[in-house]
Amino acid sequence: MVSDVPLVVPEVNADHLGLIEAQSWRKESGGYIVTNPNCSAIGLVLALKPLEERFGIESLFVSTMQGGKRRGLSGRGFDGYFGNVVPFIKNEERSCRKR
């Protein structure tokens, strides 16, 4: 989100590390900032890079669903996940219907 802070997946865009030298604070402290994308984006770009190189990509629509700081799946059902898409888990279906 800052023009001289690279968002790097080394297998995809290692050349973006050159942005480190443009960071103003590097000249002062010698330190630098490099970030990496979240787990969903990393897997996606690793798969898309060879496809983009071979065929090109004009547009892409991606949707991910992440639970955030919810409690997650419990033995009694899907606590904290109502309204989200959840997988069918055998033996959990009956406890979810009770609610």
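The values are calculated or read from the model by the stated rules, or taken from the named source; none is laboratory data. No experiment lies behind these values; they were computed from the predicted model shown. Every residue, glycine as well, gets a Cβ built from its backbone with ideal geometry; the counts of neighbours run over all protein chains shown. Areas reflect the complete protein model, heavy atoms only, side chains present, ligands, DNA and RNA absent. Shrake-Rupley method; radii C 1.70, N 1.55, O 1.52, S 1.80 Å.
Mind checking which residues of segment 3-15 are open to solvent by less than 80 Å² (accessible area, probe 1.4 Å) and either in contact with a Cys (Cβ under 7 Å, 6 or more places away or on another chain) or more than 17 Å from Asn38 (Cβ to Cβ) (or both)?
Within segment 3-15, Asp4, Ala14 qualify.
Failed condition for Leu48, given (1) of a type outside the set (Phe, Trp, Tyr); (2) open to solvent by less than 60 Å² (accessible area, probe 1.4 Å); (3) modelled with pLDDT under 90; (4) within 19 Å of the chain's Cα centre (by Cα), with all others met?
Tallying (1) of a type outside the set (Phe, Trp, Tyr); (2) open to solvent by less than 60 Å² (accessible area, probe 1.4 Å); (3) modelled with pLDDT under 90; (4) within 19 Å of the chain's Cα centre (by Cα), Leu48 fails exactly one: (3).
Search segment 47-58 for residues that are within 16 Å of Glu11 (Cα to Cα) and pair each with any residue that is of a type in the set (A, V, I, L, M) and open to solvent by less than 70 Å² (accessible area, probe 1.4 Å) when their beta-carbon atoms are under 6 Å apart and the residues are at least 6 apart or on different chains.
Matching pairs, first to second residue: Lys49/Val12.
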